[in-house]
Amino acid sequence: MTDVILSVEGLKKSYDDVIAVDGLDFSIEAGQCFGLLGPNGAGKTTTLQMLEGMESPTSGTVTYRGGPLPQDYQERIGIQFQATALQDFLTPFDNLKLFSRFYDDPIPMDTLIEKFRLSEFLHRDARRLSGGQRQRLLLAMALVHNPEIVFLDEPTTGLDPRSRRDLWEVVRDLKNEGRTLILTTHYMEEAEILCDELVILSHGKTLLEGTPRALIEAAGVENLDALFLNLTGEHLVKTEEVIS
């Protein structure tokens, strides 16, 4: 029996005359890495915001373990936003300590520092962090309250290949802990490596859903980038195309 932690049914979101999400149906199993793929404007971010409980659907439902989102839902999830401002003049240690104080039972600081390999830059001004160091700190801050669901909104955008792969290792570790991960990304290699299940969106609708390998084999192509090109006539970003 599958353990569905989040599911959506008939999910729609409109802004005036613009339909951002147009009738999505899918389920996310506990402990899997679930990917939302699609070009800019496909509805990924809006869908993510509704799954996070930050936006209300125009129609349709988001359910948590078969029921409505609970009152303490925000305490059960962690979010690494695509862009997050850190406090000026504070070190990673200071930022992590600040976020830890927001919760009654945070993960011990030493555990977070070791898990996300923060010690080498722990007392550096946060303004001087590299892109990869910044993302590791932001992920540690998203995990400080030990959430069961972690949302990753394009977490490796703009990172060099080495920093991107370092972050992949951290994500793998989170998967091995049994956390549920929901990932948006423009990097197809990243989606193939990390995701257990994918939904590919276009204009707010689902084009395809399934495991990366099953989708690739069914389409008779070599990789997800080729699959996406066949579907939409567009390339998403390949990992080697962006080096900061």
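The values are calculated or read from the model by the stated rules, or taken from the named source; none is laboratory data. Predicted model, so just to flag it, every value in this text is computed and none were measured. So basically every Cβ, Gly included, is an ideal-geometry build from the backbone, and we count neighbours across all protein chains shown.
Condition check: part of a strand (DSSP E or B), of a type outside the set (A, V, I, L, M, F, W, C), in contact (Cβ under 8 Å) with a residue 40 or more places away in the chain and surrounded by fewer than 20 Cβ atoms within 10 Å (Cβ to Cβ). Does GLU9 satisfy that? Yes; evaluated as a whole, the condition is true for this residue.
Residues of region 34-62 that are polar (S, T, N, Q), more than 23 Å from LEU174 (Cβ to Cβ) and either in a strand (DSSP E or B) or in contact (Cβ under 8 Å) with a residue 12 or more places away in the chain (or both): THR46, THR58, SER59, THR61.
On the basis of being in contact (Cβ under 8 Å) with a residue 40 or more places away in the chain and not basic (Lys, Arg), does PHE116 make the cut? Break it down stepwise before answering.
Working: in contact (Cβ under 8 Å) with a residue 40 or more places away in the chain: yes; not basic (Lys, Arg): yes.
Yes; evaluated as a whole, the condition is true for this residue.
Selection of region 141-190 for residues being modelled with pLDDT of 90 or more, assigned to a loop (DSSP other than H, G, I, E, B) and touching a Phe, Trp or Tyr at 6+ places or on another chain (Cβ under 7 Å) yields VAL144, HIS145.
Yes/no per residue for (1) of a type in the set (Phe, Trp, Tyr); (2) within 21 Å of PHE34 (Cα to Cα); (3) crowded, with 17+ Cβ neighbours inside 10 Å:
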{"position": "ASP110", "(1), (2), (3)": "no, no, no"}
{"position": "SER119", "(1), (2), (3)": "no, no, no"}
{"position": "ASP125", "(1), (2), (3)": "no, no, no"}
{"position": "LEU143", "(1), (2), (3)": "no, yes, yes"}
{"position": "GLU148", "(1), (2), (3)": "no, yes, no"}
{"position": "ASP153", "(1), (2), (3)": "no, yes, yes"}
{"position": "THR156", "(1), (2), (3)": "no, yes, yes"}
{"position": "GLU169", "(1), (2), (3)": "no, yes, no"}
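Checking the conditions here, which among LEU96, LEU138, LEU69 is assigned to a loop (DSSP other than H, G, I, E, B) and of a type in the set (A, V, I, L, M)? Answer to the check: LEU69.
Sort out which residues of region 37-57 are touching a helix residue (DSSP H, G or I) at 6+ places or on another chain (Cβ under 8 Å) and either over 23 Å from PHE228 (Cβ atoms) or at pLDDT 95 or above (or both), and write them in order of number.
Across region 37-57, the qualifying residues are GLY53, GLU55, SER56, PRO57.
Screening ARG76, ARG165, ARG117 for residues that are basic (Lys, Arg) and either touching a Leu at 6+ places or on another chain (Cβ under 8 Å) or farther than 26 Å from LEU48 by Cβ (or both) leaves exactly one candidate, ARG117.
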